[in-house]
1. Taking the highest mean first, how do the peptides 150-162, 223-235, 120-132 order by number of other beta carbon atoms within 10 angstrom per residue?
2. Which of 54, 244 comes first, and how do the rest follow, when ranked by fewest Cβ neighbours within 10 Å?
3. Mind checking the alpha-carbon convex hull of segment 1-102 and giving the volume per residue in Å³?
4. Can you tell me the equivalent ellipsoid semi-axes for segment 125-228? Use √(5λ) from the Cα gyration tensor, largest first, whole Å.
5. For 241, 77, which order do you get if you count the other beta carbons within 10 Å of each Cβ and list the fewest first?
6. How many angstrom lie between the C-alpha centres of segment 119-158 and segment 1-40?
7. Can you give me the orientation-averaged projected area of the convex hull built on the Cα atoms of the chain, in nm²?
8. Per residue and in cubic angstrom, what volume does the convex hull of the Cα atoms of segment 72-135 have?
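Since every read-out is calculated from the coordinates, none of them should be taken as a lab result. Here the structure is a predicted model, which means the values were calculated and not measured. As a convention, Cβ positions derive from the backbone with ideal geometry for all residues, glycine included, and neighbour counts pool all protein chains shown.
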Ligand SMILES: Nc1ncnc2c1ncn2[C@@H]1O[C@H](COP(=O)(O)OP(=O)(O)O)[C@@H](O)[C@H]1O
Ligand SMILES: [Mg+2]
């Protein structure tokens, strides 16, 4: 087994990157995959969304970037079916320091390479700004999921994102690919339909069939430190993220059974990643 690394990225904020990271990761774990989530956003929303208390965090992704010799395991926290490398506010300062560090944008890739054998999927939550952290994610990733909200300006950001991806491909990560563009915050309005049609017209089968519907349960869950599957297992949010997980497993050629062979991953729906679950 060698994990596929997927970065969830779009330089537009509020499009559902963090919501997708948390709930896709949990859905993949429910389907039997062993999943590592890496929070690379200094806002730490993914870390908080999994319910990890700040005071429980010792080493974080910042330490992995600052110290080349520190193994990923030193900053990995165990949840139920999911492992997490958390981010804290310190990461904002680390990003500024990265500018003067040799190959700083390749460090995360190298650190993660050493733990690929332990997981079937590694998911990165990426900040919404072009800079050393986004570049770190694009260098570490095999493929990208680009969430796009169903709003009027949805298409605006995609072109910038695509040219950034091209830059990385001709430079340091030639194998980077787009796994899919994901419509989020979908509702019954005409706008949602128009944005979806426009995406399909522009990107064809690179658009996920699954659309993530607007669901208030998805909004409530992170404040409770819970994934959607712990907060509202019968919601449309749960349904949509499971459907996305199935598409992702299909693209990775990981059947549910194959994913389930990993014994660590034999989880049922249990408690979220709370203090007691953190190593
Ligand atoms: N499908 C959805 N339905 C309802 N609210 C959502 C949905 N997806 C995201 N949200 C909410 O929208 C806001 C932005 O989402 P978030 O995942 O934090 O975006 P990003 O990480 O791209 O900034 C959050 O308050 C989140 O709870
Ligand atoms: Mg976010």
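1. 120-132, 223-235, 150-162
2. Values: 54 12, 244 23.
If I rank by nearby Cβ atoms, fewest first, I get 54, 244.
3. 120 Å³
4. Value: 25, 19, 12 Å, ordered largest first.
5. 77, 241
6. Here the two parts' Cα centres lie 10 Å apart.
7. Working: hull surface 53.1 nm².
Average of the hull's projected areas for the chain equals 13.3 nm².
8. Values: hull volume 6.7 nm³, N = 64.
For segment 72-135, the hull spanned by Cα atoms encloses 104 Å³ per residue.
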